[in-house]
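Values in this text are rule-based calculations from the coordinates and carry no lab data. For clarity, every value in this text was computed on a predicted model and none was experimentally measured. Heads up, the Cβs are rebuilt from the backbone with ideal geometry, glycines too, and the neighbour counts pull from every protein chain shown.
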Amino acid sequence: MTRMAIVLAAGQGKRMKSKLYKVLHPVCGKPMVGHVLDTVKAANCEKVVVIVGHGAEKVKAYLGDAAEYALQGEQLGTGHAVLQAKELIGDIDGTTIVVCGDTPLVRASTVEAMLKLHEESGAAATVLTASFADPAGYGRVIRGEDGTVRRIVEQKDCTEEEAAVQEINTGTYCFDNRKLFEALANVKNENAQGEYYLTDVVGLLKSAGEVVQGYCTSDLAEAIGVNDRVALAEAERFMRERINREHLLNGVTIIDPQNTYIEAGVVIGADTVLYPGSVLRAGTVIGEDCVIGPNAEITASEVGDGAAIKFSVIAESIVGPESAVGPYANLRPGSKLGRGCKIGDFVELKNAVLDDGSKVSHLSYVGDAVVGKDVNIGCGAITVNYDGFNKAVTEIGDHAFIGSNVNLIAPVKVGDGAYVVAGSTVTQDVPAGDLAIARERQVNKPGYADKIRARAKAKKERNSK
Ligand code: UD1
Ligand code: CA
């Protein structure tokens, strides 16, 4: 039997009041439709068809060749949306999972369990349901006296009695593929919204004597359909809890899970400790035994085992094992630290590679630089990499010492073991092992301090007259 999936993603999502198409809104850093696709992919579907309409190009650009696409030119309802997949999969014998692109919390394990029940029972349709204390906004699952699912009624078409039903349709289903498309042909749009409802297929199959069943999940988060930003925030919270829990179970210590924000797909090694205010964004990989936070925003970066990052921002960078960053450091894209480096307070790095053991401890800008091993860059030292038009590279060799408040005017090279004294403005290469002094010599004028004070005082008095 072929397994297939249809993901509904053609709606605009008016209630989101957004320029961004609904299914592209991220939940924990990943667009909703991406979560849904991961879920159906986990169910080993041979074919996945995403129904696109509003923002079709954007949705396709995001998902790429992870799916096939069918275009729904006009959004005439979820039933009409599914019908658009007919050409691609209508003739195949098998089971089709249908999921809405706005239900990011449906679990792969639930879909798997539901599929098993569906296939073993020979049902024509199995609906994933949940029981909500406040079912407002969702389709209600109407069961017969024998307890089997009869049909689904949309909120807007509900009688008072139906509206009181708390079991809702989550919008995830398994169908016998052929029976799905046969029934869809008979769906009408005579309802409060004038739409072709996919939910009507359930009632049609039941009336035709087919087996139709409900599979009720006890995890209410799974059932959230994101129609507005209130639900988006709710989905974000549930997803965050789920992600954090997984890391906790994997051996990561999270001091305060409610104030720790880990996006989907982030990898964290065991015995790493996350302090509050850690924001770990997509594409980040953190090693074991690290200490992250308080307050660290790390985006698409790699942090090696035993590193410590506090009160800092790191993007598209690599922090080597046992390195320390912060407090108050900013690692911009392309920064790469080796093992045991130290980046201290108010240091900004950009496109700077530092080999093992190098230190930039305070108040520096190091950009477009290649720095060797065990280099010390003193307080306030700056690579002057930009003339307003061009970027230039600074190279610093192993074991070099750059004194405090040095300006390295790039392009410039400081050789291995060279020593640049504090306050120098270096415009020429410094050969290996040399000492560079590039500053005015000091002159001391004996006793002159009082003279200069007297002069200044006199000037003030003149001016105040
Ligand atoms: C739908 C269900 C409702 C269920 C709820 C669960 C129907 C008629 N109703 O309602 O029973 O409780 O989901 O969250 O199915 N879409 C298209 N083309 C269309 C219309 C919708 O692709 O013409 C897509 C949307 O992009 C969205 C999904 O289908 O991802 C669901 O549509 P939406 O309008 O959000 O349906 P609900 O009113 O939430
Ligand atoms: Ca919805």
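Please work out, to two decimal places, the log10 of the ratio I(q)/I(0) at q = 0.10 Å⁻¹ from a Debye calculation in which every Cα of the chain carries one identical scatterer. One equal scatterer on each Cα of the chain leads to -0.81. Our coupling estimate for the range 161-169, obtained by passing each phi through the Karplus curve with A = 6.51, B = -1.76, C = 1.60 and θ = phi - 60°, is 5, 5, 4, 6, 5, 9, 7, 10, 8 Hz, Gly and Pro reported as x.
A crude spin-label estimate for the pair Q428 and E68, with each label 7 Å from Cα along the Cβ direction, gives 7.1 nm.
For n ≥ 4 DSSP H runs only, could you compute -39500 (n - 2.57) per run for the chain, divide by its residues and tell me the 222 nm figure to the nearest 500?
-6500 deg cm²/dmol
For the pair K60 and M1, a Förster radius of 35 Å applied to the C-beta separation gives a FRET efficiency near 0.80, rounded to the nearest 0.05.
Here the spin labels are modelled as points 7 Å beyond Cα on the Cα-Cβ line, and at F389 and D146 they lie 8.5 nm apart. Counting every other Cβ atom within 10 Å of each residue's Cβ, C158, C290 order from fewest to most as C158, C290.
A cut-off of 5 Å between modelled amide H atoms, ignoring neighbours fewer than 5 places along the same chain, links V414 with E395, I396, G397, V430. The stretch between E112 and A458, if pulled fully straight at 0.36 nm per residue, gains 115.6 nm over its current Cα-Cα span. A Förster distance of 41 Å, applied to the separation of the beta-carbon atoms of R15 and E440, puts the FRET efficiency at 0.05. Seen from I298, the other residues with C-beta closer than 12 Å to its C-beta sum to a net charge of -2, counting Lys and Arg as +1 and Asp and Glu as -1. When only the Cβ of Lys, Arg, Asp and Glu is charged (+1, +1, -1, -1), the dipole of the chain relative to its Cα centre reaches about 3040 debye. The charge dipole of the range 1-154, taken about the Cα centre with unit charges on the Cβ atoms of Lys, Arg (+1) and Asp, Glu (-1), comes to about 680 debye, rounded to the nearest 20. Separation of the range 202-268 and the range 391-465, taken as the distance between their Cα centroids, equals 59 angstrom. Dipole orientation for the range 1-85: of the candidates V23, T78, A5, V23 has the Cα lying most toward the positive pole (charges on Cβ; Lys, Arg +1; Asp, Glu -1). For the range 84-209, a simple Cβ point-charge model (Lys and Arg +1, Asp and Glu -1, everything else neutral) yields a dipole of about 140 debye relative to the Cα centre. Considered as an equivalent ellipsoid built on the Cα gyration tensor, the range 2-223 has semi-axes of 24, 20, 18 Å, the largest given first.
Note on K342: aspartates and glutamates with a C-alpha under 13 Å away, same-chain residues under 8 apart excluded, are E322, D355, D356, D374.
Going from the fewest other Cβ atoms within 10 Å to the most, the residues D355, D102 appear in the order D355, D102. Close amide H contacts of I314 (hydrogens built in the peptide plane, cut-off under 5 Å, sequence separation of 5 or more or a different chain): E297, I298, T299, L331. Would you work out which of V230, G306, L248 lies farthest towards the positive end of the dipole of the chain, given +1 charges on the beta-carbon of Lys and Arg and -1 on that of Asp and Glu, about the Cα centre? With unit charges placed on the Cβ atoms, the residue in question is G306. Secondary structure note: in the chain, about 15% of the DSSP beta bridges are antiparallel.
Ordering Q428, P276, I292 by the projection of their Cα atoms onto the charge dipole of the range 229-436, which places +1 on the Cβ of Lys and Arg and -1 on the Cβ of Asp and Glu, puts P276 at the extreme positive end.
Put a dot 7 Å past the Cα of V267, heading toward its Cβ, do the same for D450, and the two dots end up 7.2 nm apart.
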